[in-house]
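Each remark here refers to the structure printed beneath this line.
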Amino acid sequence: MSEPRPDSKPQSPGNALRHVGMPRENRFSNADIVALVLTFLWLGLVALFFALAGGEGERSTGVLPVMMTLVGIFLPVAMIWVAAITARTAREMRAEAQRLQQTIDTMRQGWQASQAALARPFERRLEEIAASARQTESAVATFTSRRDGQAVRPSADRKAALIAPRQNPAEDEPTLALGTPAEQIAAPVSVADFIRALNFPDSSDDAEGFRALRRALEERGMAKLIRSAQDVLTLLSQDGIYMDDLKPDRARAEVWRRFARGERGREVAALGGVRDRSSLALTAGRMRADTIFRDAAHHFLRQFDKTFTEFEQNATDSEVADLAETRTARAFMLLGRVTGTFD
C-alpha cells in the first residue's frame, strides 16, 4: 500500500466512503445463467421422460404418487437455485469485504496524513532546538575566558608554542664558542605550526603540513611527542581505528587547563569525550593483549601530558580548542579514557 503524499489533503470518512468505487452488479451472473440452463435441461428431461412413458400402463391418480412425482420434478430445480443463490451471496460478501478494506485503508491514509501534518511543525521545532544547542556548545567550548593584562597579543603564527626552558649549565649539551646553545639560535616553533604538526599532513600534497611537521621535529620536546603520537596512530590503524572517524564531544578550554594543572577525576572527565564503542573496545583489548602497544600508549600519554602542560601556559583558549581538534589530541582522549587517565 502506497503512503500518502505529505502535501495531500486528508480525507474524511464520509469522503472516503463516497470515493470508494461501488462495483456494478450484473443482472444475471454466471451462476444464475448456469442455474437457468440446468433448470431448462432438467425440465426438458422430465418432459421427455413423460412423453416416452405416456403410453405404458395406467397412470397413478393417488395423492401420494402425485406428490412424489412433483417432488421428483421440482426438488432438483430447487437445489440448483439454492446453489446459485449461495454463490451469489458469497460473491456479494467478498465484494463487501473488499469495499470495507478499501474504506479502512483510505481512512488510515487520511489519519496518517493528518498526523504527519501535525507532527511536522513539532519536529521542525525540535531540530531548531538541537541545532541551537549544538551552536551554543561549540561557542562555549571555543569561548576565550582567559584575560591577560597585555593589550596586544601576538598571533599564533608568531607566538612560540612552548616556553623556552631555562638552560642548566650542568647539563652536558653542545654549545657554540660564545656559550650560546644551538636551540636558542633557531626561531621557536609557532603555535600555528605546532598545532598543524600535531594534526599531521592530510595527504601527500599537504606541503604546509609537511613544512610544519619538519619544523616541529627540529625541536627536541616536540619531536618526542610527535614520534610517540605517530607510533600510536600507526598501531591503532592496524585495528582499523582512525582519528578522522572519531567525533568526540568538545570540552571547554578551562577543563583542559585543569588537566594541565594536575587535576583529575570528575572535574576533567569531559576530556574523555570519545563515544565510539567499537574503537573503545578494540583499544581496550589491544591494551590488555599487546605489551608493545601498551608501552607505546603509556609513553605517548606521558609525552602529551608533559608537552601540553608547557603549551597551556602560553596559549589562549581558542588555541587550546584548536589543539583539541587535532588527530594527536583525539588519540590522547581515546587512550586516556581506556586507561582511566580522566578518572
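Residues whose amide H comes within less than 5 Å of that of SER190, counting only those at least five positions distant or on another chain, are ALA161 (H built at 1.01 Å from N in the peptide plane).
Sorting 281-291, 189-199, 94-104 by their mean Cβ neighbour count within 10 Å, with the most densely packed peptide first, gives 189-199, 281-291, 94-104. Here the convex hull built on the C-alpha positions of the range 198-255 has a volume of 124 cubic angstrom per residue.
Taking the Cα atoms of the range 244-320, the ratio Rg/Rh between the radius of gyration and the Kirkwood radius comes to 1.00. Each peptide in 203-212, 79-88 gets a packing score, the mean of other Cβ atoms within 10 Å over its residues, and the list from highest to lowest is 79-88, 203-212. The packing ranking of peptides 237-244, 257-264, 330-337, highest mean first, is 330-337, 257-264, 237-244, where packing means the average number of other beta carbon atoms within 10 angstrom of each residue.
Computed from the coordinates by the stated procedures, all read-outs in this text should not be read as laboratory data. Quick caveat: nothing in here was measured; it's all calculated off a predicted structure. All Cβ positions, glycine included, derive from the backbone under ideal geometry; neighbour counts span all protein chains shown.
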